[in-house]
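The values are calculated or read from the model by the stated rules, or taken from the named source; none is laboratory data. As the structure is a prediction and not an experimental result, all values here were calculated from the model. Note: ideal-geometry Cβ built from the backbone for every residue, glycine included; neighbour counts use all protein chains shown. Accessible surface areas use protein heavy atoms only, side chains included; no ligands, DNA or RNA. Shrake-Rupley method; radii C 1.70, N 1.55, O 1.52, S 1.80 Å.
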Amino acid sequence: ENLQGDSGRGYYLEMLIGTPPQALNILVDTGSSNFAVAGVPDPDVTSYFNPELSSTYRSEGIEVTVKYSQGSWTGVLGTDVITMPKGLYGSYTINIATILESENFFLPGVKWHGILGLAYNALAKPSSSVETFFDSLVRQAKIPNVFSLQMCGAGLPVSGSGTNGGSLVLGGIEPSLYTGDIWYTPIKEEWYYQVEILKLEVGGQNLQLDCREYNADKAIVDSGTTLLRLPEKVFSAVVQAIAHTSLIQEFSSGFWTGSQLACWDRTEKPWSLFPKLSIYLRDENSSRSFRISILPQLYIQPILVIGDNLQCYRFGISSSTNALVIGATVMEGFYVIFDRAQRRVGFAVSPCAEADGSPVSEIEGPFTTADVASNCVASVSFHEPALWIASYALMSLCGIILLVLIVLLLIPPRCQHRYTDNDVVNDESSLVRHRWK
């Protein structure tokens, strides 16, 4: 129970940074790889890390910029020691970016002052050579290369008191944080925690989409994303299925797109009006699958009370242009194990995933995968490291061509071909500009 927060603004861990220690709350994010803290005062931040007050801080003098689906920041890379009051014993030297400028990153009402990126070093900025926080812990504390996460906010207001509980277990699995069996799905690629989605069901009915639609262009498990995000085609199919299956005859389109809330009398619980949503993941045995299901208590989310009588809710699912993201909307129903050692992500039912005393999440399996393709993930992932490699290859090729041209220009005139009136000389040239991120 070392986490606090809510699904609307994230779950955070208290950390002591520097010598003497400065206490900060750090957002737990499995969808990025940098450890960064506010390094200067900010209107939306109650505390920040002052490296000048730490005798153990060492600046690398390297500027780093990280962009997220919402917001960005720029800072300077350095190192310092950290301890966790409710975590591993001991002090560890970690790469830390001090945030000097940010845009839409720190938001009003958030109670955290930095971000703990727990994804792979392939996503680390400015390059993958920056050792991540968790890699540093594994190396220095000699713990297993596994961590696990439980976020307890099911059925609670998404932006409430910000004191919902949760647990981040570094180096293993805590049996008291789950019930039943753990079901594992392989990590398809080690950058984000990319997994393979086989199909979706709404109210027990298969959406009947090509399984590659669910993985366009990736499917990831990301605690730093608030909602369940779906590729546009999948999102449209889910909304249509929920609207068709629900017991509500007419519903404003603004509710589905996130621009409007839906309100009911506080004595009513609207969750009985909506169907459950199931996500099928490929099992470690590729011929099998299992499904994780969330009840409406997780995706029809209380957010606002109006007057004495009305409770308003938002739709906890949104569309995405480039990924299916299993965010906090789903993760609050489960204990999630990030088993990096065996390259797999595990799901088990969380005992804190309850509303009014009833479970709001389920795991079932195994099921056969005979009705889906043998591979639902694109064979080539054009993510940033690959783009960098391609860019360097093109630059090298251009360099070789340029070198050859220079040599040819330096060849003495007597060795060059002398044109006659019958020769056709085409002096057109084109310039190809290679651009990369």
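Give region 24-49 a look and list any residue that's farther than 30 Å from Arg344 by Cβ and in contact with a helix residue (DSSP H, G or I) (Cβ under 9 Å, 6 or more places away or on another chain), or say none.
Scanning region 24-49 gives a single hit, Gly39.
Where residues in region 83-133 are polar (S, T, N, Q) and without any contact (Cβ under 8 Å) to a residue 12 or more places away in the chain, which of them is surrounded by the most Cβ atoms within 10 Å (Cβ to Cβ)?
Pass one, region 83-133, residues polar (S, T, N, Q): 83, 91, 93, 95, 98, 102, 104, 121, 127-129, 132.
Now drop any that are not without any contact (Cβ under 8 Å) to a residue 12 or more places away in the chain, which leaves 91, 127, 129.
Details: Ser91: 16, Ser127: 12, Ser129: 7.
This residue is Ser91.
Considering only residues that are touching a residue at least 40 places away in the same chain (Cβ under 8 Å) and within 20 Å of Gly8 (Cβ to Cβ), which ones fall in region 236-256?
Selection gives Phe255, Trp256.
Which of (1) among the acidic types (Asp, Glu); (2) touching a strand residue (DSSP E or B) at 6+ places or on another chain (Cβ under 9 Å); (3) open to solvent by 50 Å² or more (accessible area, probe 1.4 Å) is the odd one out, the single condition Glu52 does not satisfy?
(2)
Condition first: open to solvent by less than 70 Å² (accessible area, probe 1.4 Å) and of a type outside the set (A, V, I, L, M, F, W, C). Now tell me which residues in region 287-308 satisfy that.
Those that are open to solvent by less than 70 Å² (accessible area, probe 1.4 Å) and of a type outside the set (A, V, I, L, M, F, W, C): Ser287, Ser289, Arg291, Ser293, Pro296, Gln297, Tyr299, Gln301, Pro302, Gly307.
Exactly one of these conditions fails for Asp181: (1) open to solvent by less than 40 Å² (accessible area, probe 1.4 Å); (2) of a type in the set (Asp, Glu); (3) under 30 Å from Tyr120 (Cα atoms). Give me its number.
Just one mismatch for Asp181, condition (1).
Only one of Gly5, Gly31 is within 22 Å of Leu123 (Cα to Cα), in the same structural domain as Leu137 (by the TED database) and either open to solvent by less than 10 Å² (accessible area, probe 1.4 Å) or small (Gly, Ala, Ser) (or both). Can you tell me which? Spell out the reasoning first.
Details: Gly5 fails: within 22 Å of Leu123 (Cα to Cα).
Result of the check over Gly5, Gly31: Gly31.
Condition check: part of a loop (DSSP other than H, G, I, E, B), free of Cβ contacts under 8 Å to residues at least 24 places away in the same chain and over 23 Å from the mean Cα position of the chain (by Cα). Does Gln208 satisfy that? So that I can check it myself, show each step before the final result.
Values: part of a loop (DSSP other than H, G, I, E, B): yes; free of Cβ contacts under 8 Å to residues at least 24 places away in the same chain: yes; over 23 Å from the mean Cα position of the chain (by Cα): yes.
Yes, satisfied.
Output the residue which, of all residues in region 310-354 that are of a type in the set (A, V, I, L, M) and in a loop (DSSP other than H, G, I, E, B), is surrounded by the fewest Cβ atoms within 10 Å (Cβ to Cβ). Walk me through it before giving the result.
Kept after step one, since they are of a type in the set (A, V, I, L, M), are these residues of region 310-354: 310, 317, 323-326, 328, 330-331, 336-337, 341, 345, 348-349, 353.
Filter once more, keeping what is in a loop (DSSP other than H, G, I, E, B): 323, 341, 353.
Working: Ala323: 21, Ala341: 10, Ala353: 28.
Restricting to residues being of a type in the set (A, V, I, L, M) and in a loop (DSSP other than H, G, I, E, B), the top hit is Ala341.
Answer yes if at least one residue in region 344-356 is among the aliphatic types (A, V, I, L, M), in contact with a helix residue (DSSP H, G or I) (Cβ under 6 Å, 6 or more places away or on another chain) and assigned by the TED database to the domain that holds Gly155, and no otherwise. Show your work before the answer.
Taking region 344-356 first, the residues among the aliphatic types (A, V, I, L, M) are 345, 348-349, 353, 355.
In the following step, the residues that additionally are in contact with a helix residue (DSSP H, G or I) (Cβ under 6 Å, 6 or more places away or on another chain) were identified as 355.
Now narrow it down to the ones that are assigned by the TED database to the domain that holds Gly155: 355.
Among the residues of region 344-356, at least one is among the aliphatic types (A, V, I, L, M), in contact with a helix residue (DSSP H, G or I) (Cβ under 6 Å, 6 or more places away or on another chain) and assigned by the TED database to the domain that holds Gly155, which makes the answer yes.
Criterion first (under 17 Å from the mean Cα position of the chain (by Cα) and within 24 Å of Ser289 (Cβ to Cβ)) does Leu198 satisfy it?
On the way: under 17 Å from the mean Cα position of the chain (by Cα): no; within 24 Å of Ser289 (Cβ to Cβ): yes.
So Leu198 does not fit the description; no.
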